[in-house]
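So the structure is just underneath, and the comments pick up after that.
No lab work stands behind these numbers, since they all come straight from the coordinates. Every value quoted in this text rests on a predicted model; they were computed, and no experiment measured them. Glycine also receives a Cβ, built like all others from the backbone with ideal geometry; neighbour counts cover every protein chain displayed.
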Amino acid sequence: MDAGLRPQLLVIGASAGGVSALQRALAALPAALACPVLVVLHVPRDRPSRIAELLDPTTALQVREAEDKQPLETGTVTFAPPDYHMLVEDRGTLALSLDEPVLFSRPAIDPLFESAAAVFGEGVLAILLTGASSDGSEGVAAVRQAGGLAWLQCPDDAEASMMPASALQRAGADAVLTLDEICECLKELR
Amino acid sequence: MNEQELFDLELKLLVDAIYQRYHYDFRNYAVSSLRRRMQQAMQRYDCPRLSDLQHRLLHEPELFTQAMQFFTVQVSEMFRDPSYFLALRQHAVPVLKTYPSIKVWVAGCSTGEEVWSLAILLHEEGLLDRSIIYATDINPAALAAAESGTYGIDRIASFSRNYLQAGGQRSLSDYYVTGYDGAAFDRSLRRNVVFADHSLATDTVFSEVHLVSCRNVLIYFNRPLQDRAVGLFREALVHRGFLGLGSKESLQFGEHGNAFEITAREQRLYRKAA
């Protein structure tokens, strides 16, 4: 499905069980992917995260942790840093914020997805993976309402089913896929 | 025009209206987080549309005062990012010690946690008596809280932990007394602190300073306003003065990047280039 899909922005959210799921998903991304990739993984707020250095060698793209007002660049995967929300400021720029945690999480997925939808509209592809939280549901709704696409990991396939199940119930989805299927689709992105 | 474009139009009108009505300038605040906070304000004040909120804010000054919290974010803790304060002790204090009098500017001081932290640090380094700390913010309620130096007891444990990690030489409890209202910090620490209303968006430089600490303020500004603010710091700082930013803030994407050199990369401590 969706062979040759060309999103303008790819956003991914994951929580419990997310490290290994992200490792697989990001490894599936083609080196020539023509859009920036932004990721929120729920991480503890009180210590540095090593997720970017951990995953950098496992993908064809450059993996980094966000800084405020960093340019959005193709060829990169940018993770939200611990204790900051990461948002899309405009078509070329990221922003960070210390606004209230969402469902006890900072970073949280909703602010990323909602801001991506506000700026990129139908150009957004959002993927929500495993997690034991309902963060991401509002974000998926915003993405879909703005005409973007949302793929959810099939709750039965997810290490923690609550996050994709909650989003499915709240907002529906453009596709509900196993992680294997998500990886196959990601390989086809341009 | 779709819903999103309409909302963004209303947002632009709202910040313009507030500027004209109250002279608070949020026109160059980062729009991504402002959108979210305005949605929260709409919920809080039961306004279905942003223009409904605008109507109320224009006609009810006391509501605007209350709603300031939705425009400016008040998140701080004492000795937040302890390694920043360690870096100050290590790199900035030896230089500050060479001056007969020292001026420090805490820009966007919010409820003052950082002001009191710096006062304690300067006190322990034997510098507080010959220092002036300018603590500025646009939010009068935040400034009043900063000046009172009273914080909830529930926050003290993390403040104490940070203090020790930040190279604190005593026990944080030496600096406060607890009462009904919480932990009140020692008034003598604020002898040389000047709390003042100042806007990085509309005001100019008011003094020459040796250190500017402005952490997690610039993240709420768009790039042109960031450039304005950093331009003020550049102008205010003495030759080779220090600038400290929040842990995910950077000078590298702005127009003043070349005017500063990095003193401690991870801790975001910069020094005005020679």
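General remarks:
- Looking across the range A:47-65 at every residue that is within 14 Å of another protein chain (Cβ to nearest Cβ) and touching a helix residue (DSSP H, G or I) at 6+ places or on another chain (Cβ under 9 Å), the one that is surrounded by the fewest Cβ atoms within 10 Å (Cβ to Cβ) is identified as A:64.
- Scanning the range B:242-258 for any residue that is surrounded by 22 or more Cβ atoms within 10 Å (Cβ to Cβ), assigned to a strand (DSSP E or B) and within 14 Å of another protein chain (Cβ to nearest Cβ) turns up at least one such residue.
The rows are residues; the columns are (1) charged (D, E, K, R); (2) within 19 Å of residue A:120 (Cβ to Cβ); (3) in contact (Cβ under 8 Å) with a residue 60 or more places away in the chain; (4) more than 14 Å from every other protein chain (Cβ to nearest Cβ).
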{"site": "B:1", "(1), (2), (3), (4)": "no, yes, no, no"}
{"site": "B:35", "(1), (2), (3), (4)": "yes, yes, no, no"}
{"site": "B:38", "(1), (2), (3), (4)": "no, no, no, no"}
{"site": "B:41", "(1), (2), (3), (4)": "no, no, no, no"}
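- Candidate set from the range B:81-103 (those that are of a type in the set (A, V, I, L, M) and in contact (Cβ under 8 Å) with a residue 60 or more places away in the chain); member that is nearest to residue B:132 (Cα to Cα): B:102
- Boolean, residue A:68 is assigned to a loop (DSSP other than H, G, I, E, B) and in contact with a Lys or Arg (Cβ under 6 Å, 6 or more places away or on another chain): yes
- Condition met for residue A:122 (surrounded by 19 or more Cβ atoms within 10 Å (Cβ to Cβ), closer than 21 Å to residue B:7 by Cα and under 16 Å from the mean Cα position of the chain (by Cα)): no
- Inclusion of residue A:106 among residues that are within 14 Å of chain B (Cβ to nearest Cβ), surrounded by 19 or more Cβ atoms within 10 Å (Cβ to Cβ) and either within 23 Å of residue A:49 (Cβ to Cβ) or free of Cβ contacts under 8 Å to residues at least 12 places away in the same chain (or both) is warranted.
- Condition met for residue B:171 (in contact with a helix residue (DSSP H, G or I) (Cβ under 8 Å, 6 or more places away or on another chain), polar (S, T, N, Q) and surrounded by fewer than 21 Cβ atoms within 10 Å (Cβ to Cβ)): yes
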